[in-house]
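This report concerns only the one structure given below.
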Amino acid sequence: MFLFEGRFMTTAVHGNPTILLVHGAWHGAWCWDKLVPALNARGWHTLTVDLPSASTGSNETAGMYDDAQVIRARLGEIDGPVTVLAHSYGGVPVTEAAASAPNVSRILYLAGFQLDEGASLVSESGGELPSSDTGTLPVPDNPAKALFSDITAEEADRAVQRLVPQSIRSFSEPLTAAAWKTVSSRYIVCEHDEMLPPAYQESMGKRAGRLYRLPSGHSPFLSMATDLAELITADADS
């Protein structure tokens with residue numbers, strides 16, 4: 001089940017819609033393995049990217065602008081309108097990239113950072129990034145609880161094993177554009193999120209045309225993929 005709040009309606013989507021799934025920090029395209037078949041079963045054509053800021057390579061320092069370029073290039077390969085789903089940190093490079101991608105018809109921020117021009121992930125949080133000889137940030141402490149609090153311990157362990165370091169630059173580079181100002185956007189609050197406080201998600205969600213809530217932790221694409229696919233489809237069809 002999901003709850004909805006909104007200010008306007010959208011045009012119904014016909015045919016086979018396309019969605020680009022953009023993962024968050026420390027993750028990769030593998031995180032969509034449950035959501036992709038759930039969307040495919042509902043008639044969606046799904047595409048993914050692997051952001052270069054999340055990498056096992058030593059001294060890997062690709063930043064947010066590099067991620068945005070990868071997203072922009074992927075969007076350029078798509079014919080027709082496309083919805084972009086951005087999870088967590090993925091909201092930052094999506095906000096940057098989609099501003100110059102005319103085929104993006106809708107952005108869905110999933111517990112995502114829906115920021116304004118001039119803001120970066122670290123400036124928005126008011127914190128400071130630690131120094132690092134490798135230029136990367138390690139996986140957060142207790143990632144099973146922070147990121148995967150509502151899946152089984154066995155599933156969480158498998159997911160944790162696939163997490164990789166995240167570049168420091170990706171958290172510090174500021175946005176030069178904010179796509180949500182010109183592209184229709186929605187925000188999905190994860191109500192039991194242990195990583196990104198739901199109240200903070202709610203505040204960012206005020207920038208979106210619609211706001212939804214899922215009774216999930218930070219990663220509903222693993223814990224409730226069917227419900228998430230249903231929400232995406234219902235919004236597109238309304």
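The values are calculated or read from the model by the stated rules, or taken from the named source; none is laboratory data. What you see is a predicted model, and the numbers here were worked out from it, not measured in a lab. Neighbour counts run over all protein chains shown; Cβ positions are idealised from the backbone, glycine included. In case anyone asks, the SASA skips ligands and DNA or RNA and just uses the protein heavy atoms, side chains included. Shrake-Rupley method; radii C 1.70, N 1.55, O 1.52, S 1.80 Å.
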Please verify whether the range 122-141 includes one or more residues that are in contact with a strand residue (DSSP E or B) (Cβ under 9 Å, 6 or more places away or on another chain) and small (G, A, S).
yes
Close pairs from the range 27-52: first closer than 20 Å to A73 by Cα and open to solvent by 30 Å² or more (accessible area, probe 1.4 Å), partner among the β-branched types (V, I, T) and at pLDDT 95 or above, Cβ under 6 Å, at least 6 apart
H45/T18
Of all residues in the range 210-223 being among the hydrophobic types (A, V, I, L, M, F, W, C) and over 13 Å from E191 (Cα atoms), the one that is most open to solvent (accessible area, probe 1.4 Å)
L222
Any residue that is more than 17 Å from the chain's Cα centre (by Cα), surrounded by 19 or more Cβ atoms within 10 Å (Cβ to Cβ) and among the charged types (D, E, K, R) - is there at least one of those in the range 159-172?
yes
Check every one of the helices (runs of 4 or more DSSP H) wholly within the range 66-149 and list those with 3 or more residues that are of a type outside the set (A, V, I, L, M, F, W, C) and surrounded by fewer than 24 Cβ atoms within 10 Å (Cβ to Cβ).
121-125
Can you say whether R207 is modelled with pLDDT of 95 or more, part of a loop (DSSP other than H, G, I, E, B) and open to solvent by 30 Å² or more (accessible area, probe 1.4 Å), as far as the supplied structure shows?
yes
Would you mind stating whether F221 is assigned to a helix (DSSP H, G or I), under 20 Å from L20 (Cβ atoms) and touching a helix residue (DSSP H, G or I) at 6+ places or on another chain (Cβ under 7 Å)?
yes
Please count how many residues of the range 53-65 are open to solvent by 10 Å² or more (accessible area, probe 1.4 Å) and within 16 Å of the chain's Cα centre (by Cα).
2
When you scan the range 190-204, how many residues do you find that are open to solvent by 20 Å² or more (accessible area, probe 1.4 Å), assigned to a helix (DSSP H, G or I) and hydrophobic (A, V, I, L, M, F, W, C)?
1
Meets criteria (surrounded by 16 or more Cβ atoms within 10 Å (Cβ to Cβ) and over 17 Å from G24 (Cβ atoms)) for Y187:
no
